[in-house]
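Encoded as C-alpha coordinates, the structure appears first; notes follow it.
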Amino acid sequence: MKLLVNFSRGKGRKPIIAQVVRDTGVLINVERAVIDSSEGEALIDVPDDQCRLVSDTMINLGARVRILERGVTLNESECVDCGACISICPREVFSFNADYKLQLVEERCVLCGKCLEACPHNALTLPV
(Lines give C-alpha, C1' and ligand atoms only; values in the text may rest on other atoms or scores of the structure.)
Protein backbone atom coordinates (compact mmCIF):
# COMPACT_ATOMS: atom_id res chain seq x y z
CA MET A 1 0.00 0.00 0.00
CA LYS A 2 1.22 3.48 -0.79
CA LEU A 3 1.26 6.32 1.69
CA LEU A 4 1.79 9.98 0.87
CA VAL A 5 3.60 11.52 3.83
CA ASN A 6 3.97 15.28 4.36
CA PHE A 7 6.03 16.72 7.17
CA SER A 8 7.33 20.04 8.37
CA ARG A 9 10.96 20.47 9.31
CA GLY A 10 10.13 23.43 11.55
CA LYS A 11 10.25 21.26 14.66
CA GLY A 12 13.72 19.96 13.96
CA ARG A 13 15.36 17.57 11.57
CA LYS A 14 13.95 14.33 12.89
CA PRO A 15 14.52 11.34 10.59
CA ILE A 16 10.84 10.35 10.60
CA ILE A 17 11.06 7.44 8.16
CA ALA A 18 14.10 5.96 9.89
CA GLN A 19 12.42 6.30 13.26
CA VAL A 20 9.28 4.54 12.02
CA VAL A 21 11.36 1.67 10.62
CA ARG A 22 13.19 1.37 13.94
CA ASP A 23 10.08 1.62 16.13
CA THR A 24 7.81 -0.66 14.08
CA GLY A 25 10.26 -3.02 12.39
CA VAL A 26 8.40 -2.45 9.10
CA LEU A 27 10.61 -2.02 6.05
CA ILE A 28 9.64 1.04 4.03
CA ASN A 29 10.36 1.57 0.35
CA VAL A 30 10.68 5.27 -0.52
CA GLU A 31 9.42 5.61 -4.10
CA ARG A 32 9.63 9.39 -4.42
CA ALA A 33 10.66 12.20 -2.10
CA VAL A 34 10.91 15.98 -2.31
CA ILE A 35 12.47 17.60 0.73
CA ASP A 36 13.72 21.13 1.27
CA SER A 37 14.81 23.12 4.31
CA SER A 38 11.28 23.62 5.66
CA GLU A 39 9.11 20.71 4.56
CA GLY A 40 9.01 17.42 2.76
CA GLU A 41 6.79 14.98 0.95
CA ALA A 42 7.51 11.30 0.47
CA LEU A 43 5.62 8.59 -1.36
CA ILE A 44 6.33 5.35 0.44
CA ASP A 45 5.30 1.75 -0.10
CA VAL A 46 4.62 -0.50 2.88
CA PRO A 47 3.11 -3.99 3.22
CA ASP A 48 -0.69 -3.81 3.20
CA ASP A 49 -1.03 -5.50 6.57
CA GLN A 50 1.33 -2.95 8.19
CA CYS A 51 -0.18 0.15 6.59
CA ARG A 52 -2.20 1.30 9.61
CA LEU A 53 0.73 0.77 12.02
CA VAL A 54 3.11 2.81 9.85
CA SER A 55 0.50 5.53 9.23
CA ASP A 56 -0.38 5.90 12.91
CA THR A 57 3.29 5.97 13.95
CA MET A 58 4.06 8.71 11.42
CA ILE A 59 1.06 10.74 12.54
CA ASN A 60 2.25 10.46 16.15
CA LEU A 61 5.60 11.88 15.01
CA GLY A 62 3.85 14.92 13.52
CA ALA A 63 3.49 13.93 9.87
CA ARG A 64 0.35 14.16 7.76
CA VAL A 65 -0.41 10.86 6.04
CA ARG A 66 -2.76 9.94 3.20
CA ILE A 67 -3.34 6.30 2.36
CA LEU A 68 -3.51 6.00 -1.41
CA GLU A 69 -5.85 3.33 -2.67
CA ARG A 70 -5.07 4.13 -6.32
CA GLY A 71 -2.34 5.46 -8.56
CA VAL A 72 -2.87 7.04 -11.95
CA THR A 73 -6.19 6.24 -13.60
CA LEU A 74 -7.07 6.15 -17.28
CA ASN A 75 -10.31 7.45 -18.76
CA GLU A 76 -10.64 5.02 -21.65
CA SER A 77 -13.30 7.09 -23.41
CA GLU A 78 -10.84 10.02 -23.67
CA CYS A 79 -7.72 7.99 -24.47
CA VAL A 80 -6.75 7.73 -28.15
CA ASP A 81 -3.95 5.20 -27.49
CA CYS A 82 -1.28 7.57 -28.78
CA GLY A 83 1.36 6.33 -26.32
CA ALA A 84 2.64 9.78 -25.32
CA CYS A 85 2.61 8.63 -21.70
CA ILE A 86 4.74 5.56 -22.39
CA SER A 87 8.03 7.26 -23.14
CA ILE A 88 7.74 9.93 -20.44
CA CYS A 89 6.95 7.57 -17.55
CA PRO A 90 10.00 6.81 -15.37
CA ARG A 91 8.43 3.64 -13.91
CA GLU A 92 7.08 1.91 -17.05
CA VAL A 93 3.50 2.18 -15.86
CA PHE A 94 2.17 2.29 -19.43
CA SER A 95 2.49 -0.08 -22.38
CA PHE A 96 0.55 -1.29 -25.39
CA ASN A 97 -1.18 -4.66 -25.40
CA ALA A 98 -1.18 -6.96 -28.44
CA ASP A 99 -3.98 -4.89 -30.01
CA TYR A 100 -2.09 -1.60 -29.48
CA LYS A 101 -4.48 -0.47 -26.77
CA LEU A 102 -2.92 1.40 -23.89
CA GLN A 103 -2.73 -0.53 -20.65
CA LEU A 104 -1.29 0.44 -17.29
CA VAL A 105 0.07 -1.16 -14.16
CA GLU A 106 -1.23 1.22 -11.53
CA GLU A 107 0.89 -0.22 -8.70
CA ARG A 108 4.09 1.03 -10.37
CA CYS A 109 2.93 4.67 -10.35
CA VAL A 110 4.91 7.09 -8.17
CA LEU A 111 2.53 10.02 -8.78
CA CYS A 112 5.13 12.17 -10.54
CA GLY A 113 2.51 13.62 -12.91
CA LYS A 114 4.70 13.51 -16.02
CA CYS A 115 2.12 11.45 -17.88
CA LEU A 116 -0.61 14.02 -17.20
CA GLU A 117 1.47 16.72 -18.84
CA ALA A 118 2.21 14.49 -21.85
CA CYS A 119 -1.35 13.32 -22.50
CA PRO A 120 -2.90 15.39 -25.30
CA HIS A 121 -6.46 14.36 -24.36
CA ASN A 122 -6.29 14.74 -20.57
CA ALA A 123 -7.23 11.09 -20.23
CA LEU A 124 -5.11 10.54 -17.11
CA THR A 125 -5.74 11.62 -13.53
CA LEU A 126 -3.94 11.25 -10.23
CA PRO A 127 -5.68 10.72 -6.90
CA VAL A 128 -6.74 13.91 -5.17
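Here is a list of conditions, (1) within 29 Å of A123 (Cα to Cα); (2) modelled with pLDDT of 95 or more; (3) in a loop (DSSP other than H, G, I, E, B); (4) not basic (K, R), and V65 meets all of them except one; can you say which number that is?
So V65 meets the others, but not (3).
Starting from residues that are in contact with a Gly (Cβ under 8 Å, 6 or more places away or on another chain) and free of Cβ contacts under 8 Å to residues at least 40 places away in the same chain, keep the ones in the stretch 105-128 and report whichever is surrounded by the most Cβ atoms within 10 Å (Cβ to Cβ).
Only one residue tops the list, namely C109.
Can you name the residue in the stretch 31-80 that is polar (S, T, N, Q) and touching a strand residue (DSSP E or B) at 6+ places or on another chain (Cβ under 6 Å) and is also nearest to K101 (Cα to Cα) among such residues?
Filtering first and then ranking leaves T73.
Hey, T57 hits all of (1) in the same structural domain as K14 (by TED's automatic domain parsing); (2) surrounded by fewer than 14 Cβ atoms within 10 Å (Cβ to Cβ); (3) β-branched (V, I, T) but one; which does it fall short on?
All conditions are met except number (2).
From the list R9, R22, which one is surrounded by fewer than 16 Cβ atoms within 10 Å (Cβ to Cβ), among the basic types (K, R) and touching a residue at least 24 places away in the same chain (Cβ under 8 Å)?
R9
Identify all residues within the stretch 69-128 that are charged (D, E, K, R) and part of a loop (DSSP other than H, G, I, E, B); write none if there are none.
Once the filter is applied, which keeps residues that are charged (D, E, K, R) and part of a loop (DSSP other than H, G, I, E, B), the stretch 69-128 yields E69, R70, E76, E78, D81, R91, E92, D99, K101.
Would you be able to say whether some residue in the stretch 82-90 is in contact with a Leu (Cβ under 6 Å, 6 or more places away or on another chain) and surrounded by 14 or more Cβ atoms within 10 Å (Cβ to Cβ)?
The answer is no; no qualifying residue exists.
The values are calculated or read from the model by the stated rules, or taken from the named source; none is laboratory data. Note that the structure is a prediction, hence the values are computed from the model and not measured. Ideal geometry is used to build each Cβ from the backbone, glycine not excepted, and the neighbour counts take in all protein chains shown.
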